[in-house]
Every structure is written in C-alpha cells, then in structure tokens.
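Written below as structure tokens is the structure these notes are about.
The values are calculated or read from the model by the stated rules, or taken from the named source; none is laboratory data. The structure presented is a predicted model; accordingly, all values stated were derived computationally and were not measured. Using ideal geometry, Cβ is built from the backbone for each residue, glycine included, and neighbour counts are taken over all protein chains shown.
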Amino acid sequence: METVRKRQPEFDYAKTFAIFFMVIIHVIEEMSTVNTEVLPTGAWNNLVQFFAGPMAAPVFIFAMGIGMVYSRHQEPVELFRRGVRLFLVAFALNIVRDVIPRLLVCAISGTTPEWHEFRYQLFCVEVLHFAGLAFMLTALLKKLRVPVWGLIPIGIVMQIVGNTLTETCAPEGVAEILLSYIYKAGDLSYFPLMNWYLSLAVGMVAGTLIKKYNDRMDRVYRSAFWIALSLQSGFMLSCSHYGIDKRLFYSICEDVFYRQMFFHFLYNTIIIVIELSVFHYINKKCGRIYPFVGFCGKNLTTIYVVQWIIIGWLTSFQDYLNLHPGLEMSVVLGILIALLSILITKLLPRIKW
C-alpha cells in the first residue's frame, strides 16, 4: 500500500482517463469527417472536446511535473539526458507513424510526396518534443539553483514572450521549423516549450506540496475541491458576463487550444484540481480497479507512442480502408484503439524512456 501511496493514485486515474479521450481526439483530428475548423456544436461534440482539452494534454504535462519531483533521478545531468532521449524518441515517432506509411502509400499509388506534407510529418511538434525540451530546460534551471517556486514566474514570462512572438514574428523555411519548438511559429507547433512550460512548473510545485503534506491529503483534496469549484464557477460566470465563449478554452478550433494563453492555463489548472480531488475519493471507494489504472499511469509514454503509430498508419491508408468516421464512430474507434494500445503495451517489455 505504501508504494501505491507514493505514486499518488489519483494521478494514475487522471492519466488513464486522459488516455482514452486523447486517442479519441486524435482520431477526430486525423481521420474523421468532423469539421474541426469551427467551434464545436451539440452537447456530444462539446463534451468530447472538453474531456480531450483540459483533461488530456494538460494533465500529462502537469503529471510530468509531479513525476520530476517524485523521480529518483533528479540530478541535472540525469534530467538533461532523459530530455535528449525523449526528444530523439519524438523524432523517431514522427518518422514511424507518418513518414514511413505516407512514403509507402506514395510508392503504392505511384505519386511523389509533396515537400509541404513531408515537412509537416517530419517536424510536427508534439508532446514528446515538449517533454524533451522541458526536461533539458529544467535540468539547466536546477543547475543554476533556481528554487522550484521560481519556476512559476519563469513559466509565466515564457508564456507571455511566446504569445508575443506568435503575434509579431512569423518566420519561414528553416527558421520556422526550428522556432516552432520554442513558440507557436506556425502550423507545425502544437506543444511549443514557451507556451506549455508553466503547466509543468505548477506540477512540480504541486508535487513538492504533496510530498510535504502526504499524510494529510484527504483534508488537502477536500479543501482544494471546494476552492477550485468556487473558482471555476466564478470563471464561468465572468465569461458569461463579458460575453466570452467558454468553448475557446477547450476547443481544437483553429489550434487556439495549442497556443495556450494564461487564461487557458488558469482554466486547465482549476479543472485538473477538481478532477484530481474527485479521483482521490474514487480511489478510496474503488481501489480494486487500481492495478489497471496503475499500469496505464506507469506506462503512459509507451501507450502514447503505440496509439500514435496505430493512428498514423490507419490515417495513411484510410482511403484504401474506406475509413472516414463521423463523431460517434470516432469515439468508438478511439476507445478501441486506446484498449488495443494498452494491450500491446502490456505484451511489450517495460520500456524506460
């Protein structure tokens, strides 16, 4: 029981929940007939995009910060090496999930790959790219003896600078490719370092507090739940009062979610705190399902890689398979791919990323 407690099971529940909606939204973005260029309409579409918004990628990044605090390998050189390893894995994933199957499709169809499409497939900036750069940056900041609380103002400044650069600096060619890893310089950049580092920094601070108050987590989560729920209510009422469309905080329309401004961060963090508080009490009542949840939490990176490979190959050959799902079928297909990815991960030897 001590091992389970050390892992903080509520984070494993949140990550497992996020896996399914992450896969569903990937299917919707990559394969479906759903129009993702407009704000979602209808209760079902809004519900899916909400669960796939603050409860997916932000949870992974927040939990990444928690993991850094709990890791036995916290020396700057160890963090930096892991960052390099993750960054290289991210490049390899782009090649395996997109470049190879698309080249194979071109060979079968007798067509020539277009540079713009090839460029996107090879240099698309995903969560693993961010993770690699975030580990390397954190290693540097630890080497400079920046305290964990100091990461939050650094993250805020990074986000402000990143969004300012997005509005004022639109590079082209090689410069766009390189800068897309740092800020949202173009269509390649989904998880640029500057826009998302704040979420990881807050995760590290949260991890530090959880370790400190580990024996009082029931009280902490009870208080956190009601505070976060109050803040969320105020946030939503303010949006209604000032005419701000709440869908802008979770919708994938025009990639606004991936740009991550400070209000996105606040919204995501409030939702994550509510979610973790709920899962904390679910674990106390439904501890029997933790072995499955714990496996998913421990093997999140492997599951992430496997699901992207499956989706990448299906997307490349979807015309041959006549596979063009609508919203409902995308949800079903996403759940099946998530379960298949977990099963494949179960059959693989444990991979340390």
Query raised in the report: Scanning segment 320-339 for residues that are outside any helix (DSSP H, G or I) and in contact with a Leu (Cβ under 8 Å, 6 or more places away or on another chain), which turns out nearest to ILE24 (Cα to Cα)?
Result: PRO325
Query raised in the report: Does segment 192-201 include one or more residues that are surrounded by fewer than 17 Cβ atoms within 10 Å (Cβ to Cβ), in contact (Cβ under 8 Å) with a residue 12 or more places away in the chain and within 27 Å of GLY67 (Cβ to Cβ)?
Result: no
Query - Residues located in segment 79-102, provided they are farther than 14 Å from PHE130 by Cα and without any contact (Cβ under 8 Å) to a residue 60 or more places away in the chain - result: ARG81, ALA92, ILE95, VAL99, ILE100
Query - Matching residues in segment 314-335 - criterion: being among the polar types (S, T, N, Q), over 30 Å from ILE282 (Cα atoms) and touching a residue at least 12 places away in the same chain (Cβ under 8 Å) - result: THR315, SER316, GLN318
Report summary line: All conditions in (1) modelled with pLDDT of 95 or more; (2) among the aromatic types (Phe, Trp, Tyr); (3) in contact with a strand residue (DSSP E or B) (Cβ under 9 Å, 6 or more places away or on another chain) are true of TYR258 except (1)
Requested in this report: Mind telling me which of the residues ARG81, ARG97 ends up being assigned to a helix (DSSP H, G or I), modelled with pLDDT of 90 or more and surrounded by fewer than 23 Cβ atoms within 10 Å (Cβ to Cβ)?
Outcome: ARG81
Query raised in the report: Going through segment 324-346 one residue at a time, which ones are over 22 Å from THR301 (Cβ atoms) and loosely packed, with under 15 Cβ neighbours inside 10 Å?
Result: HIS324, GLY326, GLU328, VAL332
**Report entry** Test set (1) crowded, with 22+ Cβ neighbours inside 10 Å; (2) of a type in the set (A, V, I, L, M, F, W, C); (3) without any contact (Cβ under 8 Å) to a residue 40 or more places away in the chain - ILE311 fails condition number
**Finding:** (3)
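Take ASP187 and decide whether it is more than 19 Å from GLY65 (Cβ to Cβ), exposed (fewer than 13 other Cβ atoms within 10 Å of the Cβ) and among the charged types (D, E, K, R).
No; evaluated as a whole, the condition is false for this residue.
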Query raised in the report: What residue, of PHE135, PHE191, is assigned to a loop (DSSP other than H, G, I, E, B), aromatic (Phe, Trp, Tyr) and under 22 Å from PHE262 (Cα atoms)?
Result: PHE191
Requested in this report: State all residues of segment 18-44 that are in contact (Cβ under 8 Å) with a residue 60 or more places away in the chain, assigned to a helix (DSSP H, G or I), surrounded by fewer than 24 Cβ atoms within 10 Å (Cβ to Cβ) and over 13 Å from the mean Cα position of the chain (by Cα); if no residue qualifies, say none.
Outcome: GLU29, GLU30, TRP44
